[in-house]
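Every read-out reported here was derived from the displayed coordinates using simple, explicitly stated rules and does not represent laboratory data. Remember, it's a predicted structure, so these values are computed and weren't measured experimentally. Using ideal geometry, Cβ is built from the backbone for each residue, glycine included, and neighbour counts are taken over all protein chains shown.
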Amino acid sequence: MSTIEFSDELIRNPPFSDNFDQSTGGFSEVDVQIITSGGMRIPAHRSILASSSPVLESIIDRPRKHRSSEITIPILGVPCDAVAVFIRFLYRPMCTEEEMDKYGIHLLALSHVFLVPHLKQRSAKALIERLTIDNVVDVLQLARLCDTPDLYLKCMKMISSNFKAVEYTEGWKFLQNHDPWLELKILEFIDETELRKKKTRRHREEQSLYLQLSEAMECLEHICTEGCTSVGPHDMDPSKNKGQCSKFATCQGLQILIRHFATCKRRANGGCSRCKRMWQLFRLHSSICDQPDLCRVPLCRQFKLKAQVKKGDDARWRLLVRKVISAKAISSLSLPKRKREEEATDHLGVRSFCL
Ligand SMILES: [Zn+2]
Ligand SMILES: [Zn+2]
Ligand SMILES: [Zn+2]
């Protein structure tokens with residue numbers, strides 16, 4: 001095997017430059033030769049290799065017939081220049097962005113095989129920054145082989161959110177033919193992501209409904225206590241209450257519903273869905289109300305008494321009550337101000353609930 005010339009890059013940054021012996025004006029004696037796939041020989045020093053990589057250390061320490069003979073270590077299967085960058089990293093732990101562009105995947109593989117965690121982190125990070133639709137499947141396979149969970153997860157996420165495009169890549173076609181197990185893993189990940197998204201959406205919708213209900217409860221109380229806009233208690237003129245209602249949309253819907261409830265002819269035989277809804281809101285209020293003796297909301301005491309008689313028979317109702325009570329607390333605690341304002345406008349939808 002012949003020694004071939006180093007690439008330009010390597011001449012500018014020889015691997016052993018840090019081993020430069022100032023006193024003699026030359027390098028300390030080279031005692032290892034790294035041999036690459038292209039037949040290139042990279043001279044190096046046992047002490048540096050052994051202290052940077054436990055795998056290289058064990059290769060160097062392996063018993064030999066002739067103790068004095070120079071050690072050769074083959075590093076095959078990756079481009080010569082990638083091996084050169086790798087060896088140089090062991091001397092001086094730095095890589096340029098350009099080297100990462102060219103050899104990122106090789107450096108990840110080399111750092112994994114030779115147990116060089118610092119380089120492994122560096123190249124995994126570089127690969128994350130360089131993920132594209134075209135390379136993501138290949139990088140995913142490498143990330144799995146090299147046991148780099150961050151990179152693996154990033155690839156999965158990218159594939160999952162760009163699956164339509166990824167399906168047309170060479171990498172995906174190759175994977176389908178050669179690694180059905182990983183293909184299955186990817187499809188499972190996509191399913192789980194979809195499921196998680198659906199759950200989050202459903203949770204958000206539920207929270208929004210409970211919040212609407214909790215707002216409706218506040219409106220019901222202030223309508224029945226001091227009156228609002230056009231509806232109020234029988235002994236009070238609501239129009240005297242001039243201030244703008246802070247929950248106008250909800251409050252207006254509720255007022256229309258209350259006026260309907262007061263005059264509906266079909267209510268008596270239970271055939272009116274709007275009356276039923278009003279009935280439910282009165283019941284919900286009663287479940288939440290902690291001052292039934294002073295309360296001016298219609299039916300509050302009656303529902304309380306009825307609930308005492310039937311205690312413990314309606315778990316779903318109790319759950320609803322708990323959720324409505326906590327929805328308000330959660331939303332006012334967890335949402336930043338701007339988000340709260342957005343939510344408030346969303347709740348214009350409560351009109352459809354009340355009407
Ligand atoms: Zn109001
Ligand atoms: Zn009705
Ligand atoms: Zn009450």
Exercise. Compute the length gained on full extension between residue 61 and residue 202: take 0.36 nm times their separation in residues and subtract their Cα-Cα distance, giving the result in nm to one decimal.
Key: 44.7 nm
Self-check item: Restraint check, 102/125; 199/276; 198/247, Cα-Cα greater than 20 Å
Solution: 199/276; 198/247
Quiz item: So how much slack lies between residue 305 and residue 266, counting 0.36 nm per residue of separation and subtracting their Cα-Cα distance, in nm?
Solution: 11.5 nm
Quiz item: residue 76 to residue 147: extension gain in nm, 0.36 nm per residue of separation minus the Cα-Cα distance?
Solution: 23.5 nm
Quiz item: Got a sec? How would 30, 83, 309 order by Cβ neighbour count within 10 Å, fewest to most?
Solution: 309, 30, 83
Quiz item: Among the GluC sites (Glu not before Pro) within region 50-150, which fall in a DSSP loop and have no more than 16 other Cβ atoms within 10 Å of their own Cβ?
Solution: 70
Practice problem: For each of 80, 251, count neighbouring Cβ atoms within 10 Å of the residue's Cβ, then give the residues from fewest to most. | Solution: 80, 251
Quiz item: If each of residue 317 and residue 163 carries a label point 7 Å out from its Cα toward its Cβ, how far apart are those two points in nm?
Solution: 4.4
Practice problem: Please find the FRET efficiency linking residue 325 to residue 94, where r is the Cβ-Cβ separation and R0 is fixed at 35 Å, and quote it to the nearest 0.05. | Solution: 0.05
